[in-house]
1. For segment 120-198, what does the convex hull of the Cα positions come to per residue, in cubic angstrom?
2. Can you tell me the dipole magnitude for segment 182-316 around its Cα centre, using point charges on the Cβ only (Lys, Arg +1; Asp, Glu -1), in Debye to the nearest 20?
3. Mind jotting down the distance between the C-alpha centroids of segment 402-475 and segment 23-45, whole Å?
4. Can you tell me how much longer the chain between F374 and A435 gets when fully stretched, taken as 0.36 nm per residue apart minus their C-alpha distance, in nm with one decimal?
5. Name the long-range amide H neighbours of G95: under 5 Å, sequence gap of 5 or more, or other chain; modelled H, no Pro or chain starts.
6. Based on alpha-carbon centroids, what's the gap between segment 99-140 and segment 159-227 in Å, whole number please?
7. Measuring from label point to label point, each 7 Å out along Cα→Cβ, what is the T226 to C123 span in nm?
8. Taking the simple approach of a point 7 Å from Cα along Cα-to-Cβ for both I172 and A38, what is their distance in nm?
Amino acid sequence: MKGGLFADTTTTTATDNFELPPITPIASGTSIPKLLRAHAADSEDHEPFYIIDVGQVARKYDQWVAALPRVDPFYAVKCNGDKTILKLLAKLGTGFDCASKAEMDTVLKMGVPADRIIYAHPCKMASHVKFASQNNVRMMTFDNEHELHKMKELYPNARLVLRVLTDNSRSICNLGLKFGAALARVPHMLQLAKDLELDVVGVSYHVGSGCFDAQAFADAVAVAKTVFNIGAELGFKFNLLDLGGGFPGSDNVNVKFDDIASVLRVALDKHFPAAENKDLHIIAEPGRYFVSASHTLAVSVVAKRTIVLPTTNGETNDANSAANQAAMASASACPAAAAAAAMAAAQGRAADGAPTFMYYVNDGVYGSFNCILFDHAVVAPRVLVSGNLGVVAMDSDSESDSEERAESGFACSIWGPTCDSMDCITKTGRLPELAIGDWLYFEDMGAYTVAASSTFNGFPKPKLMYVNSESHRNLL
Ligand code: PLP
């Protein structure tokens, strides 16, 4: 204790006492919806739950190594700090991008060597820098002059990586709004680093999270090359190129990982040919790429509201008619409720008085679906178990059937469990009519979901159940 009210928590504790959870082996190709349905059928409390397939993460690693053999992935822990997944990635051999002391501590305690960690936060807290220094995590990013002075004072031996601004306009999450040195500032910043006798070892960037244009990755490599040249003119010998994150985690996107990888291979060979760059270490900081598809979430319908639309002669027998809903919602300036009611008014079959529905499920935007607010995610509900339909899980082998059912269903909106009307998962959509106790599931829920979820209003986080679809491999 250094004095004062607070204990000095800078140093790390030695090892991790984390015990692996049970991981059920499953055959490759096993239908995850079938597993979800079996668990939902057993569930007495109807609490939400995830099935997490560690085999899926391992396959992503294999795909990366095959597609980008020159690039070592440093998994971005912020995306999903699930310890089982971190252990797996550590065992497979990835490095880690950590943004805080806690993230570094977690990874170090798993036995990951300090040189397999990059402290990739350009604006660091002093206590976190001290922690990095005490634990020999030397590689870290910066993007401004103030940070250089901070590093001079707190960690003069750090191996600094200059994060430059690249075009983020082709990504859903524009990280360039907050971080990255403009190219015009680079000469001055590197000169200052030189004057301060700091060790700048390379360049990093981030094209933005959820990047939808493969060419953005190639353009960023060209920017990095320019910075390498500026560094060389000032006498620096850079040996690290960090391609950042932004790689998609599922194939349900416009630009697939393999498209990006082929563009990147060409750009790397053009600007950093292997033969002339034998000492160059190329890394990247993929987050969602590794974990997005590994998580499937099941939630149950805990409540339901039926909105009966006015019939053609304008009559309605429901106090919660769409018109009332819309009027009340706009009066209360609640955009989500207004949108849902507007949707009901617009999409319901007013001519025959068909109802629309509002379903309330037991996870929402304060929980896993925070990805809707923070990650601009658009999620797709699928019916897992429905009493009305005689228990139909929409497996991949009955996909077209499920689409037909959805088409022929009713307009509906889906809401989280809290008392906040912002807590809306989907404002519009069509599903077969669901009953209280029915289940929905959502695929590709591993990235920026669990990581930032809360128990606001006292609603618990979903349970986690692990399976391994690569059961023939000794993954963990
Ligand atoms: N690296 C840094 C510095 C980031 O800020 C992020 C995400 O915010 C990532 C990597 C991971 O990005 P993604 O999940 O899009 O790969």
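1. 86 Å³
2. My answer is approximately 320 debye.
3. 15 Å
4. That works out to 18.9 nm of additional length.
5. It is F74, Y75, by chain and number.
6. Here the two parts' Cα centres lie 20 Å apart.
7. Distance between label points: 2.4 nm.
8. Here the answer is 3.1 nm between the modelled labels.
Throughout, read-outs are computed from the coordinates displayed, never taken from laboratory work. All values reported here derive from a predicted model rather than from experimental measurement. As a convention, Cβ positions derive from the backbone with ideal geometry for all residues, glycine included, and neighbour counts pool all protein chains shown.
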